[in-house]
Amino acid sequence: MKLLKIITIFAISLILASCQLSKLGGDARENPPDPRERVKKNLEEGKGFRLNNMVKRGGSGNFEFASSNELWRASLDTIDFIPLASVNYSGGIIVTDWYSSDENSNETLKISIRFLTNEIRSDALDIKIFTKSCDNQNKCVTSEKSGNLIAELKREILKKAVQYEKENPDKKKVPYELSGE
């Protein structure tokens, strides 16, 4: 009985999906026969997606990994003294674990770095610093810190990223273009 319900739900979703595809321009009479023209038309209408720099002309793959992203590398190198809690390159976020220096053991901090773009510029990073202060009875207060420390951290990351970019002048950014035009 469960199997019959699963098959029925699957069949209904398949039928609904095919109906939706016909609404999206699945009629061959409305599309140009040349594949390059179809790609161009779809891109102009905002349909589909581009792989940008993921695939290089000539068939071999040129994948952008975290080690080739100067901003990412600079961020990791700048906060390398703090243990990391979560790092997600595809999601563009680095979150450290709570860290305390020997000077003030009652206060810990946590840093969150979110990447808004891969370009090296001042608005490419969203940095948040949280502090947690605990008293002797283990009652803790957490708050978001603002001010000078965030600016210093951002400045240091951008400085290192520029340095890494200068060390790798061979890296070329090729804009997407349609082949055969």
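The values are calculated or read from the model by the stated rules, or taken from the named source; none is laboratory data. Fair warning: this is a prediction, and the values are worked out from it, not measured in the lab. Don't worry about glycine lacking a Cβ; one is built from the backbone with ideal geometry, like all the others, and counts go over all protein chains shown.
Residue by residue, here is whether (1) in a loop (DSSP other than H, G, I, E, B); (2) within 13 Å of Leu71 (Cβ to Cβ); (3) of a type in the set (Ser, Thr, Tyr) holds:
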{"site": "Phe130", "(1), (2), (3)": "no, no, no"}
{"site": "Asn136", "(1), (2), (3)": "yes, no, no"}
{"site": "Thr142", "(1), (2), (3)": "no, no, yes"}
{"site": "Ala151", "(1), (2), (3)": "no, no, no"}
{"site": "Lys159", "(1), (2), (3)": "no, yes, no"}
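Can you find a residue that is surrounded by fewer than 13 Cβ atoms within 10 Å (Cβ to Cβ) and at pLDDT 85 or above anywhere in the range 123-134?
Checking the range 123-134: at least one residue is surrounded by fewer than 13 Cβ atoms within 10 Å (Cβ to Cβ) and at pLDDT 85 or above.
Given Val141, Val174, which one is under 30 Å from Arg36 (Cβ atoms) and at pLDDT below 90?
The unique qualifying residue is Val174.
When you scan the range 1-111 for helices (runs of 4 or more DSSP H) that lie fully inside it, which ones turn up with 1 or more residues that are at pLDDT 85 or above?
Ranges flagged: 2-23, 70-78.
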